[in-house]
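What follows is one structure encoded as structure tokens, with my remarks underneath.
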Amino acid sequence: MSGNKRQTDGMYESLLRRAAPDRTAWEDLVVVPIFAVVVALLLGAVAMLATNVDLATVGRSYVALVSGSVGSFNAISETLTSAIPLTLAGLGIALGFRAGMFNIGAEGQLLIGGMAAVITGFSLPGLPMIVHVPLVLLVGALAGGLYAAIAGWLRAATGAHEVISTIMLNLIAYRLVDYLLRLDFIQREGRSDPISKSVLESAELPRLLTWLDPNLRLHAGVFLMIGAVIFIHWLLFKTRLGFEFRASGENPEAARYAGMRAGLVIVLAMGLAGALAGLAGANQVSGVLGRASPGFSAGIGFDAIAVALLGRSHPWGVLLAGLLFGALEAGGRQMQVDAGVSIDLIGIIQALIIVFIAAPLLVRALFPWGFSKARPSAKE
Amino acid sequence: MFSFRKTLAPTFLAAALIAGSDASAFTACQVTDTGGIDDNSFNQTAWQGVLDAQESLGVEGRFLESQAETDYVANINSLVNGDCDIIITVGFLLGDATKEAAAANPDQAFSIVDYAYDPVIPNILGQVYATDEAAFLAGYVAAGVTKTGVLGTFGGINIPPVTIFMDGFYRGAMYYNAQNGTEVTVLGWNPETREGLFTNNFNSLDDGRAFAQNLYDEGADIVMPVAGPVGLGSASLANELGADKLMLVGVDADLYLTDPNNSHVYLTSVTKRMDATVSEVIARAMNGSFEGGVLVGTLDNGGVDLAPFHDMAERVPAELSTKLAAVRAGIIDGSINVGE
């Protein structure tokens, strides 16, 4: 990125660069997110005070936030259970950022992947678990990947911007799922509302901690999450394809002059991103829900964008961000139970974190003592 | 990522200890459906039952709102791990999650609104309602009041506790036709094919507005939205159009009272007294007579009813009121079958 800087850098490019930094600016990667979280929690307290919640309740709610996210076996199990799909889909978004693409379509890819997975999950009786579970996950990833590849292909072949096409594909996915859930061979017997049959026991990701307490929901998807983080890290930083992704993301023209196949990179990056989102959907239906209903994506595909941003599009960062968001989700529930504070507050805190992450300069200005004097020169 | 906890947690811990809490009281916990606790309708009515029990029985109440269908199991789980003496789940869609949780926690008492298990599960008391009896009355009176001869209805999701309203409304209007030789039609639901208009959610006010607009465009001047807070969107449309052009029939609560901003658009409401059954369940759990089974609310026992007309009374002719009273008596004594 050094040398002749392009004058035409629009907001879009600069935001992309911020999402996928070209150098590991340690401060931006680590210090800014920590400050963002702290400031968001403080402002969350201010928001509570502003809505006539007394100070003691504010205190109780943050204690509940901590105890509900890491304070017990069940809390940790819930945090991890929530973090798995967020991390998987977040990895997909991060991959897109690295390759220079804003994939807003994780929600739709997750829905399509989940639907394909649920159909595979209930329709193949007699398979042993060791075959059925991987098959379900594979089909989910494949379906999500193909669905996302549509947007990639549109971008490569026609130049249609992926932001627009993925948003449109989300809407199509919502309606398609509504439609599919009413088909006779998918809809559960005896029900007239859109809900799928339950996946067979052989297609369920096994729960890991039921021997401790039958309510612990943590399932084998947690290995999937860690495996995916390691795989994407390897892919991005240790393989030629990953190099092509990153090169295309940082300077598409230079990448093209260097002989990289821009169209192929776009389609592959979108396909992989969609596969990860589809995997997140398959994980949900096979590990958590056991079936599909119209709302089963639950906004995970959108939260994943925030996870990727917070994680600075770095696989391990995405994992940490996914865990944090999972903790906020699990802890937020406890906040409502213990302190009676609305769960919407968690949404506010998440949004505030994103605001501060997206504005590192603001965080630097607020906390000048938290950063070294000389700002990294690569930033405009 | 943990640094903030180290610094902040002690301060807040101190604050929490000052606040203290009363752990000895009987605690009733509720999990809402996605409409939220303040939906003026379904979830709010059920929560009112806990509030009433708070008042009369001195119990402590807690609730947890579901934001998405994926939250059901997790929400019930967080309550199972709390100190709830009874957990009340609100809504048909929580049926599977409640069953699972009850199986995993056989010593925990559960109750669910709008779901009955067959066979009976020993630690779940279902609360169901013969809503079609009251909705039949609403359909009857709406058919007598309409000027265009077209009524409309739409639902949230095509599930029995929703469609039972639409069944009753439709059949009540048809009964009015049969009695009075009119030809009022009902749009939005066909009880034979079980198909109709559904928003497929219980939370989009925009959908409520759009669906009511569509029905209005098709000539309906009285619409019954059966979708919890979605109906509030319809109410804002009716508010803009004026009650002469579009009136609504509320559901669950008497919306004239719970939705005061739009009270002048409600002809009446089909009330489903979840508040009464919820506090009854809490009372049973407190005095030890709780057992699994079903609690059914009917027109006869007041579990369902038609709300007063309030300001709309002048639009309902005396003759119609008299006939309505006769229909009501007929349903209660069984001479009118609302199911066909």
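The values are calculated or read from the model by the stated rules, or taken from the named source; none is laboratory data. Only a predicted model underlies this, so the values are computations on that prediction, with no experimental measurement involved. Positions of Cβ are backbone-derived with ideal geometry, glycine not excepted, and every protein chain shown enters the neighbour counts.
Can you spot a residue in region B:97-109 that is in contact (Cβ under 8 Å) with a residue 12 or more places away in the chain, within 26 Å of B:Ile332 (Cα to Cα), buried (at least 24 other Cβ atoms within 10 Å of the Cβ) and touching a strand residue (DSSP E or B) at 6+ places or on another chain (Cβ under 6 Å)? Taking every residue of region B:97-109 in turn, none turns out to be in contact (Cβ under 8 Å) with a residue 12 or more places away in the chain, within 26 Å of B:Ile332 (Cα to Cα), buried (at least 24 other Cβ atoms within 10 Å of the Cβ) and touching a strand residue (DSSP E or B) at 6+ places or on another chain (Cβ under 6 Å).
Can we say A:Ala151 is at pLDDT 90 or above, over 30 Å from A:Leu80 (Cα atoms) and more than 14 Å from chain B (Cβ to nearest Cβ)? Spelling it out, A:Ala151 is indeed at pLDDT 90 or above, over 30 Å from A:Leu80 (Cα atoms) and more than 14 Å from chain B (Cβ to nearest Cβ).
Does B:Phe290 count as outside the structural domain of B:Val113 (by TED's automatic domain parsing) and either in contact (Cβ under 8 Å) with a residue 24 or more places away in the chain or buried (at least 20 other Cβ atoms within 10 Å of the Cβ) (or both)? Against the criterion (outside the structural domain of B:Val113 (by TED's automatic domain parsing) and either in contact (Cβ under 8 Å) with a residue 24 or more places away in the chain or buried (at least 20 other Cβ atoms within 10 Å of the Cβ) (or both)), B:Phe290 does not qualify. Residues in region B:209-231 that are under 27 Å from A:Ser297 (Cβ atoms) and within 16 Å of the chain's Cα centre (by Cα): B:Pro225, B:Val226, B:Ala227, B:Gly228, B:Pro229, B:Val230, B:Gly231. The number of residues in region A:305-347 being at pLDDT below 85, among the β-branched types (Val, Ile, Thr) and either within 26 Å of A:Lys238 (Cβ to Cβ) or part of a helix (DSSP H, G or I) (or both) comes to 2. Selection of region A:219-275 for residues being of a type in the set (Gly, Ala, Ser), buried (at least 19 other Cβ atoms within 10 Å of the Cβ) and not in a helix (DSSP H, G or I) yields an empty set.
Number of residues in region B:300-340 that are over 17 Å from B:Ala142 (Cβ atoms) and under 22 Å from the mean Cα position of the chain (by Cα) equals 6. Reported count of residues in region A:338-348, each being surrounded by fewer than 21 Cβ atoms within 10 Å (Cβ to Cβ) and in contact with a helix residue (DSSP H, G or I) (Cβ under 8 Å, 6 or more places away or on another chain), is 4. Among the residues of region A:286-324, those identified as aromatic (Phe, Trp, Tyr) and under 28 Å from B:Ile157 (Cβ atoms) are A:Phe296, A:Phe302.
Selection within region A:249-300: residues that are under 30 Å from A:Met115 (Cα atoms) and free of Cβ contacts under 8 Å to residues at least 24 places away in the same chain. The member of this set that is farthest from the other protein chains (Cβ to nearest Cβ) is A:Leu289.
Counted as qualifying within region B:1-105 are the strands (runs of 3 or more DSSP E) with 1 or more residues that are at pLDDT below 90, namely B:60-64. In region B:39-76, what residues are over 30 Å from A:Leu111 (Cβ atoms) and among the aromatic types (Phe, Trp, Tyr)? Selection gives B:Trp47 alone. Restricting attention to region A:154-181 and to residues that are in contact with a Ser or Thr (Cβ under 9 Å, 6 or more places away or on another chain) and farther than 16 Å from A:Leu110 by Cα, the residue that is modelled with the lowest pLDDT turns out to be A:Arg155.
For region B:176-223, a tally of residues being hydroxyl-bearing (Ser, Thr, Tyr), in contact (Cβ under 8 Å) with a residue 12 or more places away in the chain and either buried (at least 20 other Cβ atoms within 10 Å of the Cβ) or within 14 Å of chain A (Cβ to nearest Cβ) (or both) returns 4. Taking the condition more than 21 Å from A:Ala365 (Cβ to Cβ), at pLDDT below 85 and touching a helix residue (DSSP H, G or I) at 6+ places or on another chain (Cβ under 6 Å), does A:Asp28 pass? When the stated conditions are applied, A:Asp28 does not pass them. I want to confirm something. Restricting to region A:197-218 and keeping residues that are within 14 Å of another protein chain (Cβ to nearest Cβ) and not in a loop (DSSP other than H, G, I, E, B), which single residue is nearest to A:Thr87 (Cα to Cα)? The residue in question is A:Arg207. The single residue among B:Glu133, B:Glu192 that is assigned to a loop (DSSP other than H, G, I, E, B), at negative phi, acidic (Asp, Glu) and modelled with pLDDT of 90 or more turns out to be B:Glu192. Among the residues of region B:138-158, is any among the hydroxyl-bearing types (Ser, Thr, Tyr), in contact with a strand residue (DSSP E or B) (Cβ under 6 Å, 6 or more places away or on another chain), part of a strand (DSSP E or B) and surrounded by fewer than 24 Cβ atoms within 10 Å (Cβ to Cβ)? No, region B:138-158 contains no residue that is among the hydroxyl-bearing types (Ser, Thr, Tyr), in contact with a strand residue (DSSP E or B) (Cβ under 6 Å, 6 or more places away or on another chain), part of a strand (DSSP E or B) and surrounded by fewer than 24 Cβ atoms within 10 Å (Cβ to Cβ). On inspection, B:Ala307 fails the criterion of being surrounded by 24 or more Cβ atoms within 10 Å (Cβ to Cβ) and in contact with a strand residue (DSSP E or B) (Cβ under 8 Å, 6 or more places away or on another chain).
Among the residues making up region B:71-96, those that are crowded, with 23+ Cβ neighbours inside 10 Å and touching a Phe, Trp or Tyr at 6+ places or on another chain (Cβ under 8 Å) are B:Ile86, B:Ile87, B:Ile88, B:Thr89, B:Val90, B:Gly91, B:Leu93, B:Leu94. Restricting attention to region A:31-78, the residues being more than 10 Å from chain B (Cβ to nearest Cβ), crowded, with 19+ Cβ neighbours inside 10 Å and more than 30 Å from A:Arg364 (Cβ to Cβ) number 1. Output yes when any residue across region A:302-312 is under 30 Å from A:Leu183 (Cα atoms) and among the basic types (Lys, Arg), and no when none is. So far as region A:302-312 goes, no, none of its residues is under 30 Å from A:Leu183 (Cα atoms) and among the basic types (Lys, Arg). When restricted to residues that are facing chain B (nearest Cβ under 10 Å) and either out of contact with any Gly (no Cβ under 7 Å at 6 or more places or on another chain) or surrounded by fewer than 24 Cβ atoms within 10 Å (Cβ to Cβ) (or both), region A:319-330 contains 5.
Filtering region B:58-72 to residues that are more than 7 Å from chain A (Cβ to nearest Cβ) and either hydrophobic (A, V, I, L, M, F, W, C) or under 22 Å from B:Ala285 (Cα atoms) (or both) leaves B:Gly58, B:Val59, B:Glu60, B:Gly61, B:Phe63.
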